[in-house]
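Everything below concerns the one structure shown next.
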Protein chains: 2
Amino acid sequence: MADITSQYIKWYKDATGTEIDWKDLLGKPEDLAFPQPQFIREFLHTPGFFRSAPVMPGSREVLSELNEAYELFIVSAAMEFPQSLIEKYEWLEEHFPFINWRQIVFCGSKKMISGDIMIDDHFRNLGNFNGEKLLFTATHNIYTHLNGYTRVNNWIEIKGLLMGVLHNQDPVIYSPLKA
Amino acid sequence: MADITSQYIKWYKDATGTEIDWKDLLGKPEDLAFPQPQFIREFLHTPGFFRSAPVMPGSREVLSELNEAYELFIVSAAMEFPQSLIEKYEWLEEHFPFINWRQIVFCGSKKMISGDIMIDDHFRNLGNFNGEKLLFTATHNIYTHLNGYTRVNNWIEIKGLLMGVLHNQDPVIYSPLKA
């Protein structure tokens with residue numbers, strides 16, 4: 001939903017003067033991908049970093065549709081950075097006003113979350129999930145290939161998969177076997 | 001973990017001058033049990049209310065033991081009152097320092113939480129749960145009797161049930177059939 005990679009690049013340039021090309025981040029963990037990784041760790045604890053993150057293209061429109069068709073929950077790993085709790089809440093309130101507070105979950109680990117489908121860019125969050133696993137492409141996961149995950153590259157693809165399923169009544173379309 | 005009823009009674013007295021006996025709260029929803037319920041709603045939105053809540057007797061000691069024996073998560077319905085997010089985080093950090101941030105979940109609804117055992121004082125939180133349901137006695141639930149729940153009246157009882165199970169290898173001890 002939030003384009004954190006773009007936010008890293010913007011804040012890194014503001015802090016260091018160095019403009020990083022997102023292609024140089026491919027395949028690397030975000031906190032190690034930048035030449036001076038200590039800045040990235042600092043951003044995560046800096047007020048305003050999460051609150052001002054840009055919205056990922058298509059996420060608002062597609063989630064608004066999914067919200068009508070599915071029982072939708074927003075589950076965000078926020079607990080490592082406590083100042084992010086209220087920032088993420090306000091960010092959701094501003095950019096995704098159709099999301100009710102009952103639908104929001106802030107956690108550390110996502111091990112206790114159950115559901116039918118989880119969309120996430122981190123293997124560590126999807127790994128324990130009991131339902132379908134949609135791996136949202138991000139710079140850090142782009143070269144990783146694992147069984148049991150369906151890769152989705154953007155929100156339009158998610159719409160195709162999940163609203164397609166609904167309209168076609170064809171659950172095979174999002175099977176991990178097709179990943 | 002937090003004794004919210006005592007906190008209501010204390011804050012109500014400070015705000016109105018009226019001392020409420022907890023026995024007068026028995027069997028009533030908390031937000032309707034006080035003569036001027038609008039104060040209760042206001043407390044829930046007032047900075048400091050959650051941060052200064054007293055710790056329930058026995059909760060620290062018993063949860064510290066459970067934390068060694070079980071995979072423990074603290075799941076708190078915090079999202080309705082966004083200012084409570086950081087307050088509840090800091091409250092846990094102060095009073096339950098053995099709880100890691102990875103173990104904390106703040107949510108609105110608890111519908112997406114899965115696990116083996118849930119302890120909660122609200123039927124609405126336990127209702128959708130897929131495991132054993134331990135109903136923690138509170139003024140508002142004291143007269144309610146429903147099938148499928150095991151009532152626990154305090155943390156010492158919880159210790160007896162859950163550490164007893166572990167030591168005796170006797171899962172029947174916490175079966176809802178015995179409730």
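Return yes when A:Glu80 is part of a helix (DSSP H, G or I), out of contact with any Pro (no Cβ under 8 Å at 6 or more places or on another chain) and assigned by TED's automatic domain parsing to the domain that holds A:Leu162 and no when it is not.
Values: part of a helix (DSSP H, G or I): no; out of contact with any Pro (no Cβ under 8 Å at 6 or more places or on another chain): yes; assigned by TED's automatic domain parsing to the domain that holds A:Leu162: yes.
No; evaluated as a whole, the condition is false for this residue.
Restricting region A:6-30 to residues that are among the β-branched types (Val, Ile, Thr) and in a helix (DSSP H, G or I), which is nearest to A:Ala138 (Cα to Cα)?
For region A:6-30, the residue satisfying everything is A:Ile9.
List every residue pair whose Cβ atoms sit under 8 Å apart, with the two residues 6 or more apart in sequence or on different chains, where the first one lies in region A:137-153 and is closer than 16 Å to A:Asp24 by Cα and in contact (Cβ under 8 Å) with a residue 60 or more places away in the chain and the second, anywhere, is of a type in the set (S, T, N, Q) and surrounded by 17 or more Cβ atoms within 10 Å (Cβ to Cβ).
If the second residue must be of a type in the set (S, T, N, Q) and surrounded by 17 or more Cβ atoms within 10 Å (Cβ to Cβ), the pairs left are A:Ala138/A:Thr5; A:Thr139/A:Thr5.
Among the residues of region B:149-171, write down those that are farther than 15 Å from B:Ser59 by Cβ and modelled with pLDDT of 85 or more. First the steps, then the outcome.
The first filter runs over region B:149-171 and keeps only residues farther than 15 Å from B:Ser59 by Cβ, leaving B:149-151, B:164-171.
Within region B:149-171, B:Tyr149, B:Thr150, B:Arg151 meet the criteria.
Among the small types (Gly, Ala, Ser) and surrounded by 19 or more Cβ atoms within 10 Å (Cβ to Cβ): is that true of A:Ser64 in this structure?
No; evaluated as a whole, the condition is false for this residue.
Considering only region B:29-38, I want to know if a residue exists there that is within 14 Å of chain A (Cβ to nearest Cβ) and more than 15 Å from the chain's Cα centre (by Cα).
Within region B:29-38, the first condition is being within 14 Å of chain A (Cβ to nearest Cβ), and the residues that meet it are none.
No: zero hits.
Just give me the residues in region A:58-84 being touching a helix residue (DSSP H, G or I) at 6+ places or on another chain (Cβ under 7 Å) and farther than 18 Å from A:Ile113 by Cα, in sequence order.
Result: A:Gly58, A:Ser59, A:Arg60, A:Val62, A:Glu65, A:Leu66, A:Ala69, A:Phe81, A:Pro82.
Could you tell me which of the residues B:Ala33, B:Ala2 is over 30 Å from B:Phe98 (Cα atoms), surrounded by 14 or more Cβ atoms within 10 Å (Cβ to Cβ) and in contact (Cβ under 8 Å) with a residue 60 or more places away in the chain?
That would be B:Ala33, the only listed residue that is over 30 Å from B:Phe98 (Cα atoms), surrounded by 14 or more Cβ atoms within 10 Å (Cβ to Cβ) and in contact (Cβ under 8 Å) with a residue 60 or more places away in the chain.
Does B:Ser64 count as of a type in the set (Gly, Ala, Ser), part of a helix (DSSP H, G or I) and within 24 Å of B:Ser6 (Cβ to Cβ)?
Yes, satisfied.
Mind listing just one residue for me: the one in region A:12-30 that is surrounded by 11 or more Cβ atoms within 10 Å (Cβ to Cβ) and basic (Lys, Arg) and, of those, nearest to A:Ala53 (Cα to Cα)?
Looking at residues that are surrounded by 11 or more Cβ atoms within 10 Å (Cβ to Cβ) and basic (Lys, Arg), I get A:Lys13.
Yes/no matrix, rows are residues, columns are (1) surrounded by 19 or more Cβ atoms within 10 Å (Cβ to Cβ); (2) under 16 Å from the mean Cα position of the chain (by Cα); (3) more than 9 Å from chain A (Cβ to nearest Cβ):
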site: B:Ile74; (1), (2), (3): no, yes, yes
site: B:Met79; (1), (2), (3): yes, yes, no
site: B:Gln83; (1), (2), (3): no, no, no
site: B:Glu94; (1), (2), (3): no, no, yes
site: B:Ile117; (1), (2), (3): no, yes, yes
site: B:Asp120; (1), (2), (3): yes, yes, yes
site: B:Asn125; (1), (2), (3): yes, yes, yes
site: B:Phe136; (1), (2), (3): yes, yes, yes
site: B:Arg151; (1), (2), (3): no, yes, yes
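Can you name the number of the only condition in (1) closer than 24 Å to B:Ala78 by Cα; (2) of a type outside the set (A, V, I, L, M); (3) in a loop (DSSP other than H, G, I, E, B) that A:Glu94 fails?
(3)
Does region B:99-115 hold any residues that are over 17 Å from the mean Cα position of the chain (by Cα) and more than 19 Å from A:Gly115 (Cα to Cα), and which are they?
Result: B:Asn100, B:Trp101, B:Arg102.
For B:Gly48, all conditions in the list (1) within 19 Å of B:Ser76 (Cα to Cα); (2) exposed (fewer than 13 other Cβ atoms within 10 Å of the Cβ); (3) in contact with a Phe, Trp or Tyr (Cβ under 8 Å, 6 or more places away or on another chain) hold save one; what is the number of the exception?
(3)
Could you please find all residues in region B:13-30 being under 24 Å from B:Ile86 (Cβ atoms) and touching a residue at least 24 places away in the same chain (Cβ under 8 Å)?
Passing the criteria: B:Ala15, B:Glu30.
The values are calculated or read from the model by the stated rules, or taken from the named source; none is laboratory data. Quick caveat, the model's predicted, so the values are computed rather than measured. Neighbour counts are summed over all protein chains in view; Cβ atoms, including those assigned to glycine, are modelled from backbone coordinates with ideal geometry.
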